[in-house]
Amino acid sequence: MQPKQSIVNLPVYQPGKPVEEVKRELGLTEVIKLASNENPFGCSEQAKEAIQAEINNCSIYPDSFSTTLTSAVAEYLQVERNQLIFGAGSDEVILMLARAYLVPGDETIMAHETFPQYKHNSEIEGAVSIEVPLREDASHDLEAMLAKVTDRTKIIWICNPNNPTGTIVDKQELEQFLQQVPANVIVVLDEAYAEYVTDKRYGDSIGLLNKYKNIIVLRTFSKIYGLASLRVGYGVGHADLIHYINQVREPFNTTRFGQAAAAAAIADTGFIESCRERNAKGIAYMTAQFDRMGLSYFEAHGNFIMFDAKLPSAEVFDGLLRRGIVSRARWSHYPTHIRITVGSQEQNEKFIQALEEVLKEAAVLG
């Protein structure tokens, strides 16, 4: 049996190690997972109530068109319902975009390092991935990306804030870029962490939709909304663009629980504001500790920080893991960097303590 040639050498996505697996492997009783940028404060109580209300409907298929959720998000964003499409996380919207628009020989442009699913899904469709190195400050080099556009370019991916570096593209630079991108090239603005951003340089991409018909904004309920296990994400763009993505969407691709919880969660603005504030305090604490320890880091705008441990990242990862802290490491362009999720204050303090122990141990052993 022969698979399609485009997938033969594709890497499999590596998620953060599960807590229970780490406990079992290392004989630990407490493990803190700071690897997958999950919300340490859980989800809205209103979302929990919405989930409970769906318990008796487990035997019934979900609404394939996510009607109630579509209305809730359309009202929240002040867009039309036909401008929205939902997926099992924004990951599935990325998959659908690639499936709907890319054919073998197309070119697609993205940063390096950035979210790996852009390249993964593009190459499944036989498209050529053009990777443009980030700037020295780990932000997108939009000018260099623009220079890579050819008549074969179909999609440009911009992760904003960027995962894994946490940097942002400011609104002025983004609009200057959009003004120069050919109208037939789709620009994907992946804003999975947008709700965490407090920097005023960060723009309102939803407000750009009426001006630029070739952009699609991706959002998710997995991060600040705390609904990662329910897998609900969405894209918002021009109705024509959304229509063709919908043509390849699988029926019933989001669950009753996910739709109900997401509709309730987006209405609970107080919970989101609280999470944003606590995350900002966490970033301030963590960066102050990195400064004290003499460790550099990239400007953080999501709910994670990428810092330079000054040691091979795999070595630091293993040292933290032995102390019950799950992090993310092994970035090809950043071999000594670790990406760490901003947790609760207690989790952050335990991480810093563990990191200091790892670095001191390495210094002694060195």
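The values are calculated or read from the model by the stated rules, or taken from the named source; none is laboratory data. All figures in this text were calculated on a predicted structure; none of them were measured in a lab. A quick note on method: Cβ atoms are made from the backbone with ideal geometry, for glycine too, and the neighbour counts reach across all protein chains shown. Remember, those area values only see protein heavy atoms, side chains included, never the ligands or the DNA or RNA. Shrake-Rupley method; radii C 1.70, N 1.55, O 1.52, S 1.80 Å.
Hydrodynamic analysis of the chain uses the Kirkwood radius over alpha carbon pairs. Inserted into Stokes-Einstein at 4 °C and 1.567 mPa s, it gives a translational diffusion coefficient of 60 µm²/s. Here's the picture: charge each Lys and Arg Cβ at +1 and each Asp and Glu Cβ at -1 in the chain, and of LEU355, ASN57, LEU189 the one pushed furthest to the positive end of that dipole is ASN57. Note on the chain: with charges restricted to the Cβ of Lys and Arg (+1) and Asp and Glu (-1), its dipole about the Cα centre is near 380 debye. Placing +1 on the Cβ of every Lys and Arg and -1 on the Cβ of every Asp and Glu, with nothing else charged, gives the range 188-313 a dipole about its Cα centre of roughly 100 debye. Could you please state, rounded to a whole Å, how far the C-alpha centre of the range 292-363 is from the C-alpha centre of the range 125-191? Going from one Cα centre to the other spans 28 Å. Assuming a ≥ b ≥ c are the square roots of the Cα gyration tensor eigenvalues, decide whether the range 91-250 counts as rounded (a/c under 1.5), prolate (otherwise, with a/b larger than b/c) or oblate. Rounded.
Net charge in the neighbourhood of TYR334 (other residues with Cβ under 15 Å of its Cβ; Lys, Arg +1, Asp, Glu -1) is -2. Ordering GLY226, GLY302, ASN160 by Cα displacement along the dipole of the chain toward the positive end leaves GLY226 in first place; charges were set at the Cβ atoms of Lys, Arg (+1) and Asp, Glu (-1). Placing unit charges on each Cβ (+1 for Lys and Arg, -1 for Asp and Glu) gives the chain a dipole about its Cα centre, and among VAL128, GLY282, ALA239 the Cα reaching farthest toward its positive end belongs to VAL128. For LYS211, what is the net charge nearby, where nearby means another residue's Cβ is under 14 Å from its Cβ and Lys, Arg count +1, Asp, Glu -1? Charge balance near LYS211 sits at 0.
Our coupling estimate for the range 212-221, obtained by passing each phi through the Karplus curve with A = 6.51, B = -1.76, C = 1.60 and θ = phi - 60°, is 10, 6, 9, 10, 9, 9, 9, 9, 8, 9 Hz, Gly and Pro reported as x.
Here the accessible area is traced with a 1.4 Å probe on the protein chains. For the chain, carbon and sulfur cover 50 percent of it. Could you please report the charge total around PRO312, scoring K, R as +1 and D, E as -1 over all other residues with beta-carbon less than 12 angstrom from its beta-carbon? Summing Lys/Arg as +1 and Asp/Glu as -1 gives -1. Excluding ligands, DNA and RNA, the accessible surface per residue across the chain is 46 Å² with a 1.4 Å probe. Filter the chain for me: DSSP H helices, axial length by Cα at least 24 angstrom, mean Kyte-Doolittle hydropathy not below 0.0. List them by residue number. Span-like helices, by this rule, are absent here.
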